[in-house]
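See structure below.
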Amino acid sequence: MNKECEITRDLIPLYIDHISSDASKDYVEEHVAHCPECQKILNDMQSHITLPIDYSERLEEAKPITKLKKTINRKIIITATICVLIVLTFVSSIYISTKITYDIPSSDVTFYEANGKLLMKYKGHGALLYSAYASHIENSPTKEWHISFTQTFFERYIQPLYKKDKPQVLDSTKEVKAVYDQDGHILWQNKSLPNNE
Ligand SMILES: [Zn+2]
């Protein structure tokens, strides 16, 4: 190998990378124009330069990442769906539990007086709902109560889990003449009132 070839081959990498000086560039070009061996080396090295890989190849490389992203997305969707279902189930079961009602016989409720108040206490399990209306007695400060009792699933089974049932106040005793259930049975009578009232 002569000296010119040796210099040219040293310069070829710089030439390919476009970092050679103009003088070196001219030198390489002039030399390979009449030296087929160096021309071949130059051609071979140029063809080995990594050309920008095309987009489809990049996609191929990115596939594992895309797959991972899909897996994570699917996990997020599944988790979110489960959370929504749990909340919906919870809310709807509370709602439904307030729609199931049980009629409570008035014989299961005791009435008694304490500190001037007329109180009601349920003998059974859980809290009690009642609907009542009062009819005022003419020329008298007293009234008669008509009352019926119900429970929903909520009062019967859920409320006792976190709340202790307490007697409920219906009215102040001196204002009540009597309490009746929806069938007209007397549940409580104010014995301290004169009979003619
Ligand atoms: Zn040469």
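Summary table below
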{"read-out": "Verdict on M1 being within 16 Å of the ligand (Cβ to nearest atom), outside any helix (DSSP H, G or I) and either in contact with a Cys (Cβ under 7 Å, 6 or more places away or on another chain) or at pLDDT below 95 (or both)", "value": "yes"}
{"read-out": "Residue match in region 82-96 (condition: away from the ligand (no atom under 16 Å from the Cβ), small (G, A, S) and not assigned by TED's automatic domain parsing to the domain that holds Y130)", "value": "yes"}
{"read-out": "Where E61 falls short, out of the listed (1) away from the ligand (no atom under 16 Å from the Cβ); (2) modelled with pLDDT of 90 or more", "value": "(2)"}
{"read-out": "Strands (runs of 3 or more DSSP E) wholly inside region 68-133 that include at least 3 residues being within 30 Å of K191 (Cα to Cα)", "value": "109-114, 117-122"}
{"read-out": "Residue in region 103-126 that is on the phi > 0 side of the Ramachandran plot and touching a strand residue (DSSP E or B) at 6+ places or on another chain (Cβ under 8 Å) present", "value": "yes"}
{"read-out": "Residue within region 22-32 that is more than 16 Å from the ligand (Cβ to nearest atom) and either without any contact (Cβ under 8 Å) to a residue 40 or more places away in the chain or assigned to a strand (DSSP E or B) (or both) present", "value": "yes"}
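The values are calculated or read from the model by the stated rules, or taken from the named source; none is laboratory data. Since this is a predicted model, take the numbers as computed values, not measurements. No Cβ is skipped: glycine too gets one built from the backbone with ideal geometry, and neighbour counts run over all protein chains shown.
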